[in-house]
Structures are given as structure tokens and as C-alpha cells.
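The values are calculated or read from the model by the stated rules, or taken from the named source; none is laboratory data. Since the model is a prediction, treat every value here as computed from it, not as a measurement. Please note: Cβ atoms are built from the backbone with ideal geometry, for glycine as well, and neighbour counts cover all protein chains shown.
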């Protein structure tokens with residue numbers, strides 16, 4: 001009898017508890033009631049914890065997100081994807097180029113000029129009719145000959161460096177030497193007398209040294225230069241002034257041989273760093289490489305806290321070996337100090353990271369007083385926390401977008417980003433060697449249903465190798481039509497005919513191959529199934545298989561042992577496609593693993609990465625886009641949309657013409673960054689009304 005009563009009353013008690021909880025727990029709309037501090041605290045949900053809060057060392061999304069708030073770079077991207085000043089208030093780019101002088105060379109007209117000091121006048125006079133060349137020339141001077149010693153490939157040598165002409169140009173110009181070549185003649189450069197100037201210390205090694213002559217003595221040399229003028233009103237969070245020494249220190253810490261920065265290759269092209277004053281610094285580059293400019297968005301470190309003396313003192317305090325103690329070992333990575341809009345407060349591993357706004361920030365203090373990143377690994381928990389108002393933002397999934405969009409209390413932002421998906425064909429396989437065949441394969445796939453049903457409509461078609469949001473992407477290139485009948489006609493014309501079983505056959509061989517991808521990605525798994533069925537309908541026998549990511553890369557992609565694969569690229573803002581598409585990068589463990597080769601594409605790729613004129617880059621990039629779209633080494637599928645959802649009570653605060661604050665709708669940048677104006681965000685007690 002007692003048990004029966006217990007079983008009756010326990011459910012009733014539970015129901016009463018839930019009912020009172022409903023009235024006791026604040027609703028989403030009233031979450032700030034009795035807790036006004038919630039309005040000035042922004043909470044970001046993250047599926048993973050940060051690893052190290054040092055911008056030169058981190059390599060994960062959570063760490064980068066926090067570092068972007070704590071540290072400033074010299075530059076970053078504005079809302080239109082152009083570079084804007086940050087710790088650098090301005091910059092200048094120009095070029096220093098060099099020509100080695102061969103005084104034994106007969107100039108046009110049979111003139112032999114032995115005095116190097118006369119060469120500037122001769123060249124300037126000879127090329128005076130080339131107005132463009134002359135207008136770009138800021139100055140020309142003779143660098144005297146000198147004797148240098150060095151070693152290459154373990155061969156010691158003595159270089160009697162001939163006199164050189166140093167040209168300082170107003171604008172960087174990869175074609176600067178073309179008029180000079182026409183004047184002096186190609187043989188001047190092809191037949192330069194290296195043996196007169198380079199001598200092996202061991203005469204027996206002279207023959208072996210010949211292969212290295214062009215590396216030891218460069219007849220022509222391009223040295224792009226960037227000079228940054230730095231802000232004088234920026235200070236680190238501990239009050240120490242920021243200056244050019246911090247920029248130099250950050251650069252040196254990255255390229256340091258003992259360092260472990262994953263960004264070292266970004267700064268390899270730098271030849272020389274020169275401090276020109278307390279707030280001015282010059283970087284001279286070894287060669288033409290326009291993508292290098294973007295590397296200066298790297299957060300700048302405080303030299304006074306991380307110099308060699310400080311690291312050795314920390315090592316001794318912690319009982320570590322000072323000789324082997326490097327920046328990655330320092331506690332700075334868990335207690336960072338930068339110049340950014342937010343200051344570090346606390347980090348509790350796998351739980352949260354807390355920051356507070358920098359009241360003395362050079363651009364003005366952020367509206368939010370506190371920023372918290374909460375670590376919530378489970379996607380469902382993230383969704384529930386967001387819905388309850390416990391977090392303000394997280395990586396919303398495509399299938400959740402429609403549901404949140406229907407709620408009046410949320411605002412959503414949907415935009416395409418830098419990522420695109422594709423089917424890549426191993427062109428080394430005779431099945432895929434022909435561009436028309438690859439085109440037919442693409443025409444047999446209906447991509448729109450993939451976007452509609454697999455991505456829940458959160459995607460768009462793409463046609464080429466550049467992010468669709470950039471100026472490099474050619475909007476005039478049309479997607480392949482869905483035309484299975486047309487695809488079959490192309491294959492029939494190539495000799496592929498259906499056999500009695502309905503499979504395409506040629507010379508006794510079926511059109512059969514394997515399509516692979518990595519496991520753990522439901523979207524790619526669905527694509528494999530859809531594509532397999534699409535090809536089956538026109539008689540192509542496609543076998544599909546999924547592999548664990550490490551195995552997929554190591555055994556198949558890196559070793560080039562596959563037929564076709566489904567993958568994606570997350571691209572950057574720069575138009576340099578050298579590693580992915582240049583024919584020299586088509587070997588094992590390289591990124592042009594489809595084996596794409598096109599001489600004109602190679603020429604454009606090389607010129608694009610040496611070009612500093614944006615308008616010229618755009619023209620060449622779009623031409624490259626058209627070539628790759630025509631050749632179809634990939635079947636370009638889609639770019640997924642990135643959708644973010646926020647509480648409608650989060651708005652942007654701006655000053656009106658009358659000096660009073662006004663609320664403005666949050667809007668994303670061209671590449672979908674809603675947090676570009678994050679320092680102006682503010683959460684208010686109720687949903688605001690905006691002026692039309």
C-alpha cells in the first residue's frame with residue numbers, strides 16, 4: 001500500500017516542481033531581469049578549447065578567435081576585403097632591383113664601357129623613350145664591387161661580386177627588366193661570365209660548383225620593400241608602449257631556427273628587417289611574392305615580456321633548462337598580453353576563457369565589458385544553451401538554420417565563405433586524361449538537389465578555383481548544365497558505347513573507377529551516393545569507398561593512388577594558386593594531386609604571385625579561372641553558406657550626426673564576418689526598432 005502511494009505521489013511532486021520551475025526560471029526574453037551584468041557580457045559557444053594563446057604559435061580555431069581579440073596586427077581586412085591599417089597607421093610599397101654589370105660586354109653599337117660608373121647614364125639615355133619605364137624610376141646608383149665568401153651544397157667559394165646597378169622604383173614591377181633585356185640582348189643574361197667571379201676554395205670542386213652559379217651570383221634581382229609607419233597611441237595591456245622593436249621581435253621569433261611557429265614559411269621571403277625609428281620599420285624581400293603582404297595581419301607580441309632574458313628568467317623560476325626553454329614553453333601562452341580590444345582575465349581548461357574590455361584601447365573601448373568563450377563539445381547542448389540565452393553565438397548547423405530563422409527573437413546572417421567542394425580526377429589515369437570526358441562527367445551530375453537536400457539550401461554553385469566572394473572569381477563563367485543526355489553523347493563520340501548490361505564499354509574495357517573520400521563527413525558520404533547514382537544512369541560504373549582521414553591522406557591522396565575523390569578547399573583572400581594548380585606541384589605529397597598541367601595556366605599562376613597591381617591581378621586571375629573551368633580537372637560542386645544566428649537584442653551602436661548614440665542593425669562583411677564591428681555591439685533589454 002505504501003509503495004502504491006509513493007508511485008502515485010512521486011509523479012505529482014515532479015510535475016509541481018517543473019511547473020514552479022517554469023515560472024521561477026527567467027525566460028529568454030527576461031534573462032537580464034535581476035541580472036543586468038548579462039547585458040554587458042558576450043558569451044561565445046565553442047566545441048573545442050584553445051590550445052595556446054600566442055598568435056605566432058596557435059593553429060586552431062578557438063585559439064585564433066581569442067588571439068584576434070587580445071592582439072592586433074599591423075593590418076587586417078576591411079569590410080570589402082581590402083587591407084586596412086591597424087597597428088600600422090600607413091605603409092608604402094616600392095622596389096629595389098639590381099643588375100650585375102659585365103664591363104666586358106659590348107653594348108649596342110659596339111661600345112665597350114669598362115667604367116661601371118658610366119652605365120647608369122647609358123641605360124637611362126637608351127631607354128628614355130620608354131616613358132612608362134622612365135616614369136617608374138625613382139633613382140639609379142652604382143654599388144661597388146666587393147669580395148664575399150660563402151658555402152653552398154657543402155662547397156666553399158669566394159665570390160668577387162661585380163659592380164651592380166641599383167634601381168629604386170616607385171612601384172613594384174615584375175617586367176622592369178624587359179626593356180633592359182631588349183637593349184643589352186638576351187645573351188647578356190644567358191652567357192654571363194660567372195667563372196670570372198666565382199671560385200671554389202677547393203679547385204677540385206669548381207666543376208661541381210657550376211650548377212650553383214646562378215644562385216650564388218644573381219644577374220638580376222627583385223627586392224620588394226614595405227615600410228610601415230606605426231601607431232604611437234597603442235600600448236600593451238600592462239601599460240608598456242608599443243613600438244617598432246615589438247614588430248621586429250615578433251618577426252624574429254617566427255623565423256628563429258629554435259622556434260616552432262607554423263607560420264615560418266609566410267616570412268621566409270623576407271631578406272632583411274630594418275628599424276628606421278621608434279615607430280617605423282622596413283622589410284626588404286628576397287624576391288617578388290605579393291601574397292607576403294597579408295602575413296602582417298599577425299598579432300604583434302610584447303618584446304619586453306618575451307625576450308631571451310625574460311625567457312631564461314622564467315625557465316630558472318620554473319626549474320627548467322634555460323638553454324632549451326623556448327617561447328612555446330612560456331606561461332605567456334596561457335596568460336597573454338597584447339594591444340587588442342580585450343584583456344585576458346582567466347582560462348579554465350575545457351570550461352571557459354574570460355576576457356574584459358580594454359578601456360584604453362586606441363580605437364575606443366568595446367561596448368561589451370566582458371567576453372567569455374564557453375567550451376561546449378556537444379552540438380545539441382550548444383543549441384539548447386543558445387536557445388535558452390546562456391550563450392550568444394555558436395556554429396549553427398545547416399539543418400538548424402530554418403528553425404531559428406522562424407523565431408522572431410533571433411536575427412540570422414547567411415553568407416558564402418572561402419570554402420568550396422569538388423570532385424577531383426586523377427588525370428594520370430587514362431580514363432580522365434581528356435578534358436571533354438571530365439566535362440561529360442560533370443554534366444551528368446545534378447548539383448542543385450545536393451545543395452537543396454544535403455545542405456538544406458545552405459550553399460551555391462561554383463565554377464572555378466577561387467572563392468566566389470573575391471574579385472578573382474569570374475562571375476561570367478557559367479556552371480556546367482545538368483545534361484546527362486549531352487554527357488552521354490560526348491562519351492559516345494569518344495568511343496564509349498553501352499553493352500548488353502547497360503555499362504559503357506570501349507575496347508573491351510568498362511568505364512569503371514573508384515570514387516573515394518574521408519569517413520566522418522556525412523555530407524561527403526551523401527555526395528558519393530548521389531554521384532554514383534548519377535553516373536550509373538549514363539552507364540558509368542562507379543565504386544565508392546570511405547577511409548579514415550589519416551589513411552585517406554597518407555595511402556591514397558599523398559601517394560596519388562586513387563581514381564577520383566570528393567574533397568574541399570578552404571581558400572584564403574590572396575589569388576596565389578601555385579601550390580594547388582602549378583604543374584611543378586603535382587608530385588607525391590604535393591597539393592596538385594590531380595596532376596593538372598597547362599602551360600598557360602602555369603604562366604598566369606607565376607605572374608599572379610609576382611604582381612602587386614590589384615587590377616592586373618584581377619584580370620589574370622579571371623583568365624586563369626576560365627582556363628581551369630574549361631579543362632575541368634575538378635567538377636566544381638558548391639560553396640557552403642555560413643549562417644550565424646544572434647539574439648535580436650544584440651545591436652550595433654553608432655554615433656549620429658547630433659553626437660547621440662543610435663542603434664543600427666548588425667550586418668556582415670563581404671565574406672560574412674558579422675564580428676567585424678564587434679567592438680560596437682551592445683545587448684539591450686528589449687528588441688530595438690530601427691529607422692528604415
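Determine if the range 324-336 includes at least one residue that is surrounded by fewer than 14 Cβ atoms within 10 Å (Cβ to Cβ) and farther than 25 Å from residue 234 by Cβ. Yes, the range 324-336 has at least one match. Considered as a group, the residues in the range 477-497 that are assigned to a loop (DSSP other than H, G, I, E, B) and in contact with a helix residue (DSSP H, G or I) (Cβ under 8 Å, 6 or more places away or on another chain) include one that is surrounded by the fewest Cβ atoms within 10 Å (Cβ to Cβ), and that residue is 481. The set of residues in the range 371-411 being in a loop (DSSP other than H, G, I, E, B) and within 25 Å of residue 665 (Cβ to Cβ) consists of 389, 390, 391, 392, 394, 395, 396, 397, 406, 407, 408, 409.
Regarding residue 459, is this residue crowded, with 19+ Cβ neighbours inside 10 Å, within 26 Å of the chain's Cα centre (by Cα), at pLDDT 95 or above and within 30 Å of residue 591 (Cα to Cα)? Here the answer is no, as residue 459 does not meet what is asked.
Of the set (1) over 25 Å from residue 78 (Cα atoms); (2) touching a strand residue (DSSP E or B) at 6+ places or on another chain (Cβ under 8 Å); (3) part of a helix (DSSP H, G or I), all apply to residue 304 but (2).
Here is the figure for the range 515-543: residues that are exposed (fewer than 14 other Cβ atoms within 10 Å of the Cβ) and in a strand (DSSP E or B) total 1. The residue list 358, 408, 426, 393 contains one member that is touching a strand residue (DSSP E or B) at 6+ places or on another chain (Cβ under 7 Å) and modelled with pLDDT under 95, which is 393. Residue under question is residue 595, and the condition is that it be farther than 30 Å from residue 529 by Cα and in a loop (DSSP other than H, G, I, E, B); does it hold? Taking the combined requirement at face value, the residue does not satisfy it.
The rows are residues; the columns are (1) surrounded by 11 or more Cβ atoms within 10 Å (Cβ to Cβ); (2) assigned to a strand (DSSP E or B).
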| position | (1), (2) |
| --- | --- |
| 651 | yes, yes |
| 657 | no, no |
| 662 | yes, yes |
| 671 | yes, no |
| 678 | yes, no |
| 682 | yes, yes |
| 688 | yes, no |
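Only one entry of 618, 666, 627, 605 meets the criterion of being closer than 24 Å to residue 364 by Cβ and surrounded by 15 or more Cβ atoms within 10 Å (Cβ to Cβ), and that entry is 666.
Taking the criterion of being under 17 Å from residue 119 (Cα atoms) and in a loop (DSSP other than H, G, I, E, B), the residues of the range 143-153 that qualify are 144, 145.
Specify which of the listed residues (427, 445, 450) is over 21 Å from the mean Cα position of the chain (by Cα), in a loop (DSSP other than H, G, I, E, B) and more than 18 Å from residue 628 (Cα to Cα).
Just one listed residue meets the conditions, 445.
Pull up the range 501-514, narrow it to residues that are part of a strand (DSSP E or B) and either free of Cβ contacts under 8 Å to residues at least 24 places away in the same chain or outside the structural domain of residue 485 (by TED's automatic domain parsing) (or both), then point me to the one that is nearest to residue 399 (Cα to Cα). Only one residue tops the list, namely 505. Quick one: is residue 416 under 27 Å from residue 489 (Cα atoms) and in contact (Cβ under 8 Å) with a residue 12 or more places away in the chain? Taking the combined requirement at face value, the residue does not satisfy it. Between 465, 475, the distinction of being out of contact with any strand residue (DSSP E or B) (no Cβ under 7 Å at 6 or more places or on another chain), within 30 Å of residue 81 (Cα to Cα) and without any contact (Cβ under 8 Å) to a residue 24 or more places away in the chain belongs to 475 only. Considering every residue within the range 572-579, establish whether at least one is over 30 Å from residue 489 (Cα atoms), out of contact with any strand residue (DSSP E or B) (no Cβ under 9 Å at 6 or more places or on another chain) and free of Cβ contacts under 8 Å to residues at least 60 places away in the same chain. Looking through the range 572-579, at least one residue is over 30 Å from residue 489 (Cα atoms), out of contact with any strand residue (DSSP E or B) (no Cβ under 9 Å at 6 or more places or on another chain) and free of Cβ contacts under 8 Å to residues at least 60 places away in the same chain.
Whether a residue is under 26 Å from residue 91 (Cα atoms) and not in a loop (DSSP other than H, G, I, E, B) was assessed, and residue 282 passes this test.
Residues that are part of a loop (DSSP other than H, G, I, E, B), at pLDDT below 95 and exposed (fewer than 13 other Cβ atoms within 10 Å of the Cβ) within the range 547-586 comprise just one, 572.
For the range 378-414, the set of residues classified as within 26 Å of the chain's Cα centre (by Cα), surrounded by fewer than 17 Cβ atoms within 10 Å (Cβ to Cβ) and farther than 26 Å from residue 686 by Cα consists of 397 only. Counting only residues that are under 10 Å from residue 53 (Cα atoms), in contact with a helix residue (DSSP H, G or I) (Cβ under 9 Å, 6 or more places away or on another chain) and assigned to a loop (DSSP other than H, G, I, E, B), the range 329-353 holds 2 of them.
Listed by position, the helices (runs of 4 or more DSSP H) inside the range 154-254 whose residues that are over 30 Å from residue 72 (Cα atoms), in contact with a helix residue (DSSP H, G or I) (Cβ under 6 Å, 6 or more places away or on another chain) and modelled with pLDDT of 95 or more number at least 2 are 178-184. When 440, 435 are checked against the criterion of being surrounded by 17 or more Cβ atoms within 10 Å (Cβ to Cβ), at negative phi and touching a helix residue (DSSP H, G or I) at 6+ places or on another chain (Cβ under 6 Å), 440 stands alone in meeting it. Screening 550, 601 for residues that are free of Cβ contacts under 8 Å to residues at least 60 places away in the same chain and closer than 19 Å to residue 433 by Cβ leaves exactly one candidate, 601.
Every condition in (1) within 30 Å of residue 290 (Cβ to Cβ); (2) in contact with a strand residue (DSSP E or B) (Cβ under 6 Å, 6 or more places away or on another chain); (3) surrounded by fewer than 17 Cβ atoms within 10 Å (Cβ to Cβ) holds for residue 106 except the one numbered (1). For the range 89-142, enumerate the residues that are in contact with a helix residue (DSSP H, G or I) (Cβ under 9 Å, 6 or more places away or on another chain), in a loop (DSSP other than H, G, I, E, B) and within 23 Å of residue 218 (Cα to Cα). Within the range 89-142, 101, 102, 103, 104, 105, 108, 113, 127 qualify. Residue count for the range 639-652, restricted to those that are in contact with a helix residue (DSSP H, G or I) (Cβ under 6 Å, 6 or more places away or on another chain) and closer than 17 Å to residue 79 by Cβ: 2.
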